[in-house]
Amino acid sequence: LGLTLIAVSIFLIMAARDPLRHIYWVKFAILWAVTGVIAGLYSIIMGYVHFGQAGMGIIWDGVVAIALLIFYPWRGAKEDR
C-alpha cells in the first residue's frame, strides 16, 4: 500500500502543476479523499476500530476533500468540455 501511495502522490503532484490538463487526476484525488472518510466512518460504526485509531485519517481526508473542492477549477473545467 505504501508504494501505491507514493506512485499516486507523484502523479497527483504532477497534476497539480496543470490541473485543467489533468482534471481526471484532480477528480481522482477528491474521490480518494471522500472514500477515505466514508471507509473510516464505516469502520467506526461497525466497531472494527475506535475513533482514536481512525480519527486522524478521517479528519485528514475530510480536510483534503474540502480543500480540493474549494480550489477545484470549476470554470476552467466547464470551459474545456
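The values are calculated or read from the model by the stated rules, or taken from the named source; none is laboratory data. Keep in mind the model is a prediction, meaning the values are calculated, not measured. FYI the Cβ positions are ideal-geometry reconstructions off the backbone, even for glycines, and counts take in every protein chain you see. For the accessible areas, the whole protein counts, side chains as well, though only heavy atoms, and no ligand, DNA or RNA atoms are used. Shrake-Rupley method; radii C 1.70, N 1.55, O 1.52, S 1.80 Å.
Computed over the chain, relative contact order equals 31 percent, with contacts defined as Cα pairs under 8 Å that lie 6+ residues apart. Each Lys and Arg contributes +1 and each Asp and Glu -1, all at the Cβ; summed about the Cα centre of the chain, the dipole is approximately 220 debye. The P(r) of the chain has a tail past 21 Å containing 37 percent of all C-alpha pairs.
For segment 23-63, the fraction of C-alpha pairs more than 14 angstrom apart is 46%.
With every protein chain in place and a 1.4 angstrom probe, the accessible-area ranking of ASP18, ASP61, largest first, reads ASP18, ASP61. Normalised per residue, the accessible area of the chain is 78 Å², obtained with a 1.4 Å probe and no contribution from ligands, DNA or RNA.
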